[in-house]
1. Of 33, 78, 17, which residue is surrounded by 12 or more Cβ atoms within 10 Å (Cβ to Cβ) and free of Cβ contacts under 8 Å to residues at least 24 places away in the same chain?
2. Taking residue 2, is it surrounded by 13 or more Cβ atoms within 10 Å (Cβ to Cβ), hydroxyl-bearing (Ser, Thr, Tyr), at negative phi and at pLDDT below 90?
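The values are calculated or read from the model by the stated rules, or taken from the named source; none is laboratory data. Values in this document were obtained by computation on a predicted structure and should not be read as measured data. Cβ sites come from the backbone with ideal geometry, for glycine too, and all protein chains shown count toward neighbours.
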Amino acid sequence: MSEPAGTVRAEDNPSLAEVARRAEHGETISVIAHGEHVADVVPSGELDRLRETIEVLADPDARRALEDTEPVVIGRDAINALIAERIERERQP
């Protein structure tokens, strides 16, 4: 899972290379422009896991299977649990 989020201010003209390097090392970077949170730069593996989570949650049958067999978790905890399960599955041979 990614490290705690860092922040860059667009007005400070951060180097795209530096932001990409930070993401490459597992950090999620929040981009702030004119005082507003406008974007996040996330490690690509994290984005892949989030996309898969969204796919699973969009599938009514998969959602029903999760609801029937696991305790209910809401919001961020649910996503973190799904990501942790995915990471564990990927580690197994």
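1. The unique qualifying residue is 78.
2. Details: surrounded by 13 or more Cβ atoms within 10 Å (Cβ to Cβ): yes; hydroxyl-bearing (Ser, Thr, Tyr): yes; at negative phi: yes; at pLDDT below 90: yes.
So residue 2 passes the test.
Residues checked against (1) among the acidic types (Asp, Glu); (2) closer than 15 Å to residue 5 by Cα:
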site	(1), (2)
25	no, yes
31	no, yes
38	no, yes
47	no, yes
50	no, no
56	no, no
59	yes, no
81	no, no
90	yes, no
